[in-house]
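Take a look at the structure set out below.
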Amino acid sequence: MATEIDRKSGSPSALRTFFVSGMGTALEFYDFVIYGTAAALVFPKVFFPQMDPLTATLVAFGAFGAGFFARPLGGMVFGHYGDKLGRQKMLVITLLLMGLSTLLIGCLPGYATLGAGAPVLLVLLRLVQGFAAGGEWGGAALFGIESAPPGRRGLWGSFTSMGIGIGGILGAGVFAIVSVASHDDLAGFAWRIPFWLGGVLVLIGLYARLQKPLEQPAEPHAHVRMPLLEALRARPRAMLLCTGIAFGYVTIAYIGSTFFLSYATQLGYGSTDALVFDLSLSIAIVITAPLFALLSDRIGRRQVMILGALIMALGFFAFFPLVGLKSLLISTAAYIAIGAFMGATQGPIPAFLAEQFPRHMRYSGMSAAYQIGAALGGGTASSAATAILIANNHNAFGVAVYGAVALGIVALCSFLLKETAHLSLAQIDEVEWAQAVPVATG
């Protein structure tokens, strides 16, 4: 793979790789985050005004979750062509699709204007967003991982994790500014501004991803006809365990980025307060994700993932009572703490999953596993958490149990995966290909 090359060592530039992998993902997931924010704060009023507020929130989260079920298809399609044709083309296409769908969401008329057609169009555009996001994560992560110098795959892979956090910061920050400027009246014209801005910001990511030299060298095993089928045949256990990690982690991530917002507003916090909480959580992730990823380069992925998951599971039982005190300072601290320990899992995940597959099936294998887990976990997380809250008369203990179970799955699957942090990618590729049964060519 080629990016800007360091003249002395011949290795890719960290800054260049971060900009392509991390910042490109930040701009794409900014679009994803603002949809989740709007689903929590605005869409119940704009697209589902005929329902009571809590039910409308549940339905809005259902529409949000619909995009997750397009993510596995996106992961499979973009992963397939990413393995056969290289990463760059796929990264450009995913960014274009995300930017266009985001811009169009900002132009949608509400229920008052279009009736039932408005939420239908909203869901369709959300599906396009999900399809694009399904191919984005794996390609961007691999750009960093496969560019990394020895002993830094975890750190460079975390550029994508940082990008997701930066996207969260941008999304929460823009929504907070718009909320203040509109005097908390987001349901009028103001909610559209972050979506229009997202469509424009994507142009920055496209500029980075279209720069040369950026394309990878030819794939050494590009003659494998169906890389995903080869991954399922050769690495079924890794596929299953990687899916479990993605299910558990993304469940927690979207409880944190969407359900937490609506929960705070239902407790009586203003939408601006809720966005400050979300901003604090995202900043904590951006800071801690690379630190935990670097730690995983030194002591291994499994130890960091398991420890982070177990501490965060216990922290969930403290989080809801602390936020329930209705103190802005205490609640902000609780959000920061949760975000900090999210970084313990989010940081090492890209490298941990990528190392389970050899190069010729890596994009397909890790993308499919991650996006299937994301669809099952993230696609239902906000709706399930809201339904649990309703069923328990607004007592959040059940949500804490739900989160702890998801994190337990992360810890268990991490324990069962092989530790490959101290192997080179060449060793992973050579051993796997040497042991593989010959596959169909074409």
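Applying a 10 Å radius around every beta-carbon, put 39-51, 112-124 in order of their mean neighbour count, most first.
So the peptides 39-51, 112-124, ranked by packing, come out 39-51, 112-124.
Under 13 Å from the Cβ of L417, count the other residues' Cβ atoms, weight Lys and Arg +1, Asp and Glu -1, and hand me the total.
Neighbour charge sum, excluding L417 itself: +3.
L124 to F415: FRET efficiency via 1/(1 + (r/R0)^6), r the Cβ-Cβ distance, R0 41 Å, to the nearest 0.05?
E between L124 and F415, to the nearest 0.05, is 0.50.
For the chain, set up a Gaussian network in which alpha carbons nearer than 10 Å are linked by springs, and say which option among G130, G188, G163 fluctuates the most.
It is G188.
With 30 Å as the cut-off, how large is the P(r) tail for the range 15-435, expressed as percent of Cα-Cα pairs?
That fraction is 36 percent.
If each residue's Cβ is checked for other Cβ atoms within 10 Å, how do T55, T288, T160, T420 rank with the fewest at the top?
So the ranking, lowest neighbour count to highest, is T55, T420, T288, T160.
Between L229 and F397, what is the spin-label point distance in nm, taking each point 7 Å from the Cα along the Cα→C-beta axis?
Each label point is offset 7 Å from its Cα along the Cβ direction, giving 5.2 nm.
Once every DSSP H run of n ≥ 4 in the chain is given -39500 (n - 2.57) and the sum is divided by its residues, what mean residue ellipticity at 222 nm do you get, rounded to the nearest 500 deg cm²/dmol?
Computed ellipticity for the chain at 222 nm equals -25000 deg cm²/dmol.
With 10 angstrom as the radius, rank C107, C413 by how many other C-beta atoms surround their C-beta, starting from the fewest.
With the sparsest Cβ surroundings first, the list reads C107, C413.
Jot down the radius of gyration and Dmax of the range 267-386, Cα atoms only, both in angstrom.
16.4, 52
Hey, what angle do you get for helix 328-346 against the long axis of the chain, alpha-carbon based, 0 to 90 degrees rounded to 10?
20 degrees
Mind pulling the angle between the C-alpha long axis of helix 397-416 and the longest principal axis of the chain? Nearest 10 degrees, somewhere in 0 to 90.
The helix 397-416 is inclined about 0 degrees to the chain.
In what order do I336, I390 fall by count of nearby beta-carbon atoms within 10 Å, going from fewest to most?
Ordered from fewest to most neighbouring Cβ atoms within 10 Å, I336, I390 come out as I390, I336.
Sort 308-317, 253-262 by packing, meaning the average of other beta carbons within 10 Å per residue, with the highest value first.
253-262, 308-317
Where a number appears in this text, it was derived from the coordinates with a stated rule and is not lab data. Since the model is a prediction, treat every value here as computed from it, not as a measurement. We place every Cβ from the backbone using ideal geometry, glycine too, and count neighbours over all the protein chains shown.
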